[in-house]
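Below: one structure, written as structure tokens.
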Amino acid sequence: AITQKDARPEILRQFLHKHNSPIEPFAGTIVSASDNQSVDFRLIAAISMCESNLGKRIPEGSYNAYGYAVYTGQSSGASFKDWEEGIKTMAKYLSERFYSQGLTTPEKIGPIYAPPSINTGNSWANCVRQFMDELE
């Protein structure tokens, strides 16, 4: 018998592996947390690529690959106990803060998530969109 399996965790794992991300073992967690919050799994991965090179450039021990709660002019923001907590927090935040208001694309999220990027031609949204498209 042939069974259908969700390919998203493996597609994401390969993307994270290609970029030598410390988040690679949590590809399945990203997909399941995103599904639980009705958020596009690609958005979380793409934000982490643009904010921290997929978790490689973060404040030490913060597990914050998303620039979450890093406000303009600050060099660090929220810290999480591990990657899983950061992923789940991010999925919930995106759902409650953006998706619930119909803001479901990088272009709509960017002015709120990364306001200074508006002055650089929407660089944040463009970056996030590029990596979301790569994961499609």
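Based on protein heavy atoms only, the chain ends up with 55 Å² per residue of surface accessible to a 1.4 Å probe.
Lysines within cross-link reach of LYS18: Cα-Cα under 16 Å, excluding same-chain residues under 8 positions apart? Counting by Cα, and skipping residues close in sequence, LYS18 has these lysines nearby: LYS56.
Rounded to the nearest 500 deg cm²/dmol, what is the calculated helix-only ellipticity per residue at 222 nm for the chain, with -39500 (n - 2.57) per DSSP H run of length n ≥ 4?
Numbers: 6 runs with 65 residues, N = 136.
Helices in the chain give a 222 nm mean residue ellipticity of -14500 deg cm²/dmol.
For a straight C-alpha distance cut-off of 15 angstrom, the aspartates and glutamates reachable from LYS92 (same-chain residues fewer than eight places away being disregarded) are ASP35, ASP40, GLU84. Measure nothing but the geometry: give the 0 to 90° angle between the long axis through the Cα atoms of 8-18 and the longest principal axis through the Cα atoms of the chain, rounded to 10°. Value to nearest ten degrees: 60.
Percent of accessible area on region 9-85 owned by carbon and sulfur, 1.4 Å probe? Can you show the working numbers first?
Details: 1670 of 3820 Å².
Carbon-and-sulfur percentage of accessible area, whole number: 44.
The values are calculated or read from the model by the stated rules, or taken from the named source; none is laboratory data. No experiment lies behind these values; they were computed from the predicted model shown. Keep in mind that these areas ignore ligands, DNA and RNA; they rest on the heavy atoms of the full protein, side chains included. Shrake-Rupley method; radii C 1.70, N 1.55, O 1.52, S 1.80 Å.
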